[in-house]
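To start, the structure under review is shown below, and the notes come after it.
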Amino acid sequence: MSGGDREVMLALENVSLSYHSSRKSFDHGSHHVLDSVSLQVYEGETLGIIGRNGVGKSTMLRLMAGILAPTSGKVWQRPGKTSSLLTIGLGFRPDLSGRDNAMLAAMLQGASARQARSYLEEIKEFSELGDSFEERVKTYSSGMLARLGFTTALKTHVDILLIDEVLSVGDAQFREKAEAAMKSRISSDQTVVFVSHMEGQVREICNRAVCLYKGAILAEGDPADVLKAYNDIG
Amino acid sequence: MARMALRADASRYLLGYVWWLLEPLLFVAVFYVVFELILDSGRGDFLVFLMCGKLAFIWFSKSVNQASNSIPANKGLIGRINVTKTLFPLSVIQEGLYRQMAVFLLLFSFLFVSGYSPDPTWVYLLPIILVNYLMIVACSFIGAGLVCMVRDFSMIISLGMTFLLFTSGVFWDVRALGDPDKTAMVLALNPLAFILDAYRQVLMHNTAPDWLHLFQIGLGSVALLIIIVLLMRRSSQFLALRALS
């Protein structure tokens, strides 16, 4: 069921996250997103996370990426490894061009200015944005944003790739290409955690899957079994 | 990392390049119409006086206002990458600094044309500008932290800027209050009034600022800055949660 004797890259130990939504008074405003979740991500595996909207999938990725800290519990990442979270649309500065955004994203993920610049042409080519690459991201369609976001993360080499729904948008042709690129990364031992609504993608790409339900793990293991559990929720 | 963000931000503003100078000048024009043409300030050098104060004031108020809202404004990036949250106010401040350099050049040219020729004492401007900058950074970081915690602070900060506009001697002369005690009090209580006055003393009267006072303001800003940076570093993920929720 697990990654066998492979090393753990990232682990959540009894992680809970809750926050007070500001408008309501104390107890009633407290919102529990995740409740005592434990999970390991192994080196080189592709882990799929499925679940209904608002179940805490994106929050879980943010915890893994170290963007948020858990209210209780521990998030552990193997020392010296880098991770990057990839989400659609958000994350871009709308007034900057696609090129500047790609550069900024690469540098914020720890690349030097020279490294980042060397990725740019590759990003432009793979994303097929053409001249739009030089235009402000404000003018992009959601599909174009997804292309830029996916390509930027794909080409700026990180050890753990955390992907949030990115492959669900974009046209069929780009999706196929992105899936193919993902698969080649997966076979080259990229560690991926992958959130998706698309069952076909999870079944095809992931070695292992987790189903979240009401802030806790409902099922974990072989993608086919987990998808079955997910569909049984109804 | 920060430098990249700054460069990117600067490139964004290249489009509206003319606005760098036009916006502050329009502000000056508005004040000139009200306080000289309508209310009749009664001083011959009012335009020069106004520009020395107003242009520095806009630098402060605009930077602090924008920087205060910079963390929630960048929630897209914050939700994706764990970065030090001081990066966002800092990049706004650097943008403002670039713009202000152009504005200062314009101010100096205007002074020159108006018969205030450059004087060796203008070197005193360097420490004044530095302390002014430190004040901006300290206030911006505090504002950014507060607005990130509770959005409502955004309203209070912009109201505070209006309050400062009226209390810092932008369009009235701190030294012409009639009562020297009152002048001393305003200068002591409001560091911004002191800074604006220091600009005028150097540019218009070739007089050195009160060095001790200037040093105290600078030191106070640095002390505040160190505290707030340490706080923001420690609570980086908490601020992210606040920005995202």
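The values are calculated or read from the model by the stated rules, or taken from the named source; none is laboratory data. The structure presented is a predicted model; accordingly, all values stated were derived computationally and were not measured. Glycine also receives a Cβ, built like all others from the backbone with ideal geometry; neighbour counts cover every protein chain displayed. When the accessible area is computed, the model is the full protein with side chains, heavy atoms only, and any ligands, DNA or RNA have been set aside. Shrake-Rupley method; radii C 1.70, N 1.55, O 1.52, S 1.80 Å.
Note on segment B:69-93: residues that are under 24 Å from residue B:168 (Cα atoms) and either within 14 Å of another protein chain (Cβ to nearest Cβ) or in contact with a Pro (Cβ under 8 Å, 6 or more places away or on another chain) (or both) total 1. The set of residues in segment B:69-90 being part of a helix (DSSP H, G or I), within 18 Å of residue B:157 (Cα to Cα) and open to solvent by 10 Å² or more (accessible area, probe 1.4 Å) consists of B:72, B:73, B:90. Remark: pairs (first residue in segment B:86-98, touching a residue at least 24 places away in the same chain (Cβ under 8 Å); second residue among the acidic types (Asp, Glu); Cβ separation under 6 Å; 6+ apart in sequence or on different chains) = B:91/B:9; B:95/B:9.
Scanning segment A:34-42 finds one or more residues that are open to solvent by less than 50 Å² (accessible area, probe 1.4 Å) and within 14 Å of chain B (Cβ to nearest Cβ). All conditions but one from (1) away from chain A (no Cβ under 14 Å); (2) out of contact with any Asp or Glu (no Cβ under 9 Å at 6 or more places or on another chain); (3) open to solvent by less than 100 Å² (accessible area, probe 1.4 Å); (4) not in a loop (DSSP other than H, G, I, E, B) apply to residue B:178; the one that does not is (4).
More than 30 Å from residue A:19 (Cβ to Cβ), part of a loop (DSSP other than H, G, I, E, B) and out of contact with any Ser or Thr (no Cβ under 7 Å at 6 or more places or on another chain) - does that describe any residue in segment B:130-148? Within segment B:130-148, not a single residue is more than 30 Å from residue A:19 (Cβ to Cβ), part of a loop (DSSP other than H, G, I, E, B) and out of contact with any Ser or Thr (no Cβ under 7 Å at 6 or more places or on another chain). So is residue B:99 surrounded by 14 or more Cβ atoms within 10 Å (Cβ to Cβ), within 18 Å of the chain's Cα centre (by Cα) and among the basic types (Lys, Arg) or not? So residue B:99 passes the test.
Restricting A:221, A:170 to residues that are modelled with pLDDT of 80 or more, open to solvent by less than 40 Å² (accessible area, probe 1.4 Å) and not aromatic (Phe, Trp, Tyr) narrows the list to A:221.
Looking across segment A:78-128 at every residue that is away from chain B (no Cβ under 12 Å) and at positive phi, the one that is modelled with the lowest pLDDT is identified as A:80. Residues of segment B:133-153 include at least one that is closer than 18 Å to residue B:239 by Cα and free of Cβ contacts under 8 Å to residues at least 24 places away in the same chain.
Counting residues in segment B:128-148 that are open to solvent by 40 Å² or more (accessible area, probe 1.4 Å) and either basic (Lys, Arg) or more than 17 Å from the chain's Cα centre (by Cα) (or both) gives one or more. Restricting attention to segment A:56-74 and to residues that are crowded, with 21+ Cβ neighbours inside 10 Å and of a type in the set (A, V, I, L, M, F, W, C), the residue that is farthest from the other protein chains (Cβ to nearest Cβ) turns out to be A:60. Name the residues in segment B:196-245 that are on the phi < 0 side of the Ramachandran plot, outside any helix (DSSP H, G or I) and either among the polar types (S, T, N, Q) or open to solvent by 60 Å² or more (accessible area, probe 1.4 Å) (or both), would you? Residues satisfying the conditions are B:207, B:210, B:235, B:245.
From the list A:192, A:137, the lone residue that is of a type outside the set (Phe, Trp, Tyr), in contact (Cβ under 8 Å) with a residue 60 or more places away in the chain and surrounded by 16 or more Cβ atoms within 10 Å (Cβ to Cβ) is A:192. What tally of residues in segment A:117-134 results from selecting those that are open to solvent by 10 Å² or more (accessible area, probe 1.4 Å) and assigned to a helix (DSSP H, G or I)? Going through segment A:117-134 one residue at a time, the tally reaches 12.
If the condition is being in a helix (DSSP H, G or I), surrounded by fewer than 17 Cβ atoms within 10 Å (Cβ to Cβ) and in contact (Cβ under 8 Å) with a residue 12 or more places away in the chain, then segment B:109-125 contributes B:121, B:122. Among (1) polar (S, T, N, Q); (2) surrounded by 23 or more Cβ atoms within 10 Å (Cβ to Cβ); (3) within 10 Å of another protein chain (Cβ to nearest Cβ), there is one condition residue A:152 misses while meeting the rest; what is its number? In the conditions (1) polar (S, T, N, Q); (2) surrounded by 23 or more Cβ atoms within 10 Å (Cβ to Cβ); (3) within 10 Å of another protein chain (Cβ to nearest Cβ), residue A:152 misses (3) alone. Apart from one condition, residue B:66 fits all of (1) more than 14 Å from chain A (Cβ to nearest Cβ); (2) open to solvent by 30 Å² or more (accessible area, probe 1.4 Å); (3) of a type outside the set (D, E, K, R); the exception is (1).
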